[in-house]
Amino acid sequence: MTQVFAHRGYAASFAENTMKAFKEAEKAGADGIELDVQLTKDGEMVVIHDEKLNRTTNGNGFVKDFSYKEISKLNANKSGGAKEPIPLLKDVLKWMQGNRLICNIELKNGFFPYEGMEEKVIKLVRDYGLEERIIFSSFNHYSIVYCYRLAPEIEIAPLYSGRIFMPWIYAKSIQAKAIHPNYKGLTNDIIRKSIENGISVRPYTINNEEDMKYLFTLNCSAIITDDPVKALKLRKGIERDQ
Ligand code: G3P
Ligand code: CA
């Protein structure tokens, strides 16, 4: 069965990368959540997609230039309604103690290298005993390989948007158990061969009904979607028809 991962939480209906979006994804019955991590000036791991605060919060400037105390006062729900803070990664992992979700932590260290990020994230995952339920991904493949060297018990998956030749071979070469490709460059053949070779395939970001149905029918390992409710409803329908 294809798993459904809620991209930045249930981002189609709630402010992305907030506890509200993660909780609503869990309520909807998602198998997992995906989230993005950046580091503050004082080295706290915060859950926010962009290097800058501007798009998703009422702050301005780079996350890395503010202390967590300053960041904690901001509102990550710009569209109105209740204020939602930018979560600490720790808040999410603490909340995960009370559910069975998988969490795909994307390390956003392609633009700023955030020295020490890998060590910090691994320590937190180990402190919460979540090694089996975490997947590290990044567009920075050097970073996930480093994670694997530090913590081989935690799964890694390269994110990419182009077309890697025979990505299942590449994945094996860096000890990844999965690939997280942009859906645009993905073919039926790549999905099939990767899975046959023991490499899970979790494309992003699948929001269109037709694409969801197609990937469910192919039995793709997982989809990463902004709309877990839509995806789960379609998956149920397909299961019923099979
Ligand atoms: O993990 C899949 C997806 O989140 C990668 O792209 O830009 O949405 O973080 P982006
Ligand atoms: Ca992401």
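Values as computed for the structure displayed
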quantity: Long-range neighbours under 8 Å by Cβ, at least six apart or interchain, first residue closer than 13 Å to Ile135 by Cα and open to solvent by less than 10 Å² (accessible area, probe 1.4 Å) within region 25-44, second in a loop (DSSP other than H, G, I, E, B) and away from ligand 2 (no atom under 13 Å from the Cβ); calculated: Gly32/Leu101; Ile33/Leu101
quantity: Residue within region 216-226 that is assigned to a helix (DSSP H, G or I) and in contact with a strand residue (DSSP E or B) (Cβ under 6 Å, 6 or more places away or on another chain) present; calculated: no
quantity: Meets criteria (under 30 Å from Lys123 (Cβ atoms) and within 16 Å of ligand 1 (Cβ to nearest atom)) for Ser200; calculated: yes
quantity: Residue satisfying condition, being more than 16 Å from the chain's Cα centre (by Cα), at pLDDT below 95, away from ligand 1 (no atom under 16 Å from the Cβ) and small (Gly, Ala, Ser), within set Ser79, Ser13, Ser67; calculated: Ser79
quantity: Residues satisfying the stated conditions in region 109-120, i.e. away from ligand 1 (no atom under 11 Å from the Cβ) and either in a loop (DSSP other than H, G, I, E, B) or open to solvent by 30 Å² or more (accessible area, probe 1.4 Å) (or both); calculated: Asn109, Phe111, Phe112, Pro113, Tyr114, Glu115, Gly116, Glu119, Lys120
quantity: Search result, residues across region 203-213 that are in a helix (DSSP H, G or I) and surrounded by 15 or more Cβ atoms within 10 Å (Cβ to Cβ); calculated: Asp211, Met212, Lys213
quantity: Residue satisfying all of: in region 99-108; in contact with a helix residue (DSSP H, G or I) (Cβ under 7 Å, 6 or more places away or on another chain) and more than 12 Å from ligand 1 (Cβ to nearest atom); most open to solvent (accessible area, probe 1.4 Å) among these; calculated: Ile102
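The values are calculated or read from the model by the stated rules, or taken from the named source; none is laboratory data. The shown structure was predicted, so the numbers you read here are calculated from the model rather than taken from an experiment. Neighbour counts are summed over all protein chains in view; Cβ atoms, including those assigned to glycine, are modelled from backbone coordinates with ideal geometry. SASA here: full protein model, heavy atoms, side chains in, ligands and nucleic acids out. Shrake-Rupley method; radii C 1.70, N 1.55, O 1.52, S 1.80 Å.
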